[in-house]
1. Could you tell me how many of the residues in the range 174-228 are in contact with a Leu (Cβ under 8 Å, 6 or more places away or on another chain) and not in a helix (DSSP H, G or I)?
2. Which condition from (1) in contact with a helix residue (DSSP H, G or I) (Cβ under 8 Å, 6 or more places away or on another chain); (2) modelled with pLDDT of 80 or more; (3) under 25 Å from Arg166 (Cβ atoms); (4) not hydroxyl-bearing (Ser, Thr, Tyr) is the one that Arg71 breaks?
3. Could you check how many residues of the range 7-27 are out of contact with any Pro (no Cβ under 8 Å at 6 or more places or on another chain) and surrounded by 24 or more Cβ atoms within 10 Å (Cβ to Cβ)?
4. Taking Gly149 as meeting all but one of (1) surrounded by fewer than 19 Cβ atoms within 10 Å (Cβ to Cβ); (2) within 14 Å of the chain's Cα centre (by Cα); (3) of a type outside the set (A, V, I, L, M, F, W, C), write down the number of the exception.
5. Is there a residue in the range 90-107 that is under 15 Å from the mean Cα position of the chain (by Cα), surrounded by 24 or more Cβ atoms within 10 Å (Cβ to Cβ) and either in a helix (DSSP H, G or I) or of a type outside the set (Ser, Thr, Tyr) (or both)?
6. Identify the residue in the range 196-211 that is surrounded by fewer than 22 Cβ atoms within 10 Å (Cβ to Cβ) and more than 15 Å from the chain's Cα centre (by Cα) and, among all such residues, is nearest to Lys174 (Cα to Cα).
7. Just to be sure I understand, how many residues within the range 31-43 are closer than 20 Å to Leu91 by Cα and surrounded by fewer than 23 Cβ atoms within 10 Å (Cβ to Cβ)?
Amino acid sequence: MSPLAAALLVPAGIVAGALGSAGGITSLVSYPALLAAGVPPLPANVANIVAATAMGPGAALSSRRELVGTRRLVTRLLLLGIVGSVAGAGLLLSTPPGVFARVVPFLVAAGALVLLLQPTLVTWRGGALPLGTLSALVVVVSVYSGYFGAGSGVMFLAIVLFYEARIPQANAIKNVVVTVTCAAAAVVLVLTGPVPWAAVLPLAAGLLVGGALGPVVVRRLPGRVVRWTAAALGFVLAIYLWLRPA
């Protein structure tokens, strides 16, 4: 990777971090940026997961107001997320590249669709999801997050919104869960496989800065705008991944 390509990953990370921590999809910017920088698809996936952990500190600091009173729920989801993401990272290391390449776009699109229809679905089923169902869904998405990761933020947001209907609070919880699941998967990947650090470090620097910007934006936007924007970006990423499999 050239020094110029590495340097361009910093602003890409800022945009990706702001987008992801605001309820959108970090990988919509970060994953194509890694590919454009010359990182092959599988190492780009690894770099994307490892670098994504840097988004968390800024996002958490900016979301302190929204996270008040959510400690028990967040702790439960984090423990489940760690188990699922470690399993997903294990799948990534033990299966041939591209096994789920054709399935991933449809998973991302499904998450975006659920996010888009969430208010209607909540009304249809008569209230929030039981905590047990929420926990099971978090494990499933965490496995996916540890395996590939792109679009997992939208999936997590869609799930959390079935339990916590306020967009800023749900987005803050999502940011914490996504960060910890990425961190758990990153530990496995760092210990067991090659990591393209030349790409990870500049991207992570940008994500750290961008992660702090997103929650501030969400706090000032109507929930409908955040939901529709995140869903639209989910569909865009699904189309991208369908045209160019992971």
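The values are calculated or read from the model by the stated rules, or taken from the named source; none is laboratory data. If you're wondering where the values come from, they're calculated on a predicted model, not measured in any experiment. As a convention, Cβ positions derive from the backbone with ideal geometry for all residues, glycine included, and neighbour counts pool all protein chains shown.
1. Of the residues in the range 174-228, 2 are in contact with a Leu (Cβ under 8 Å, 6 or more places away or on another chain) and not in a helix (DSSP H, G or I).
2. Every listed condition holds for Arg71 apart from (1).
3. Counting residues in the range 7-27 that are out of contact with any Pro (no Cβ under 8 Å at 6 or more places or on another chain) and surrounded by 24 or more Cβ atoms within 10 Å (Cβ to Cβ) gives 10.
4. It is condition (1) that Gly149 fails.
5. Start the filter on the range 90-107 by keeping residues that are under 15 Å from the mean Cα position of the chain (by Cα), which leaves 104-105, 107.
Next, only the ones that are surrounded by 24 or more Cβ atoms within 10 Å (Cβ to Cβ) stay: none.
No - not one qualifying residue is present in the range 90-107.
6. Within the range 196-211, the match that is nearest to Lys174 (Cα to Cα) is Val209.
7. Looking only at that region, the number is 4.
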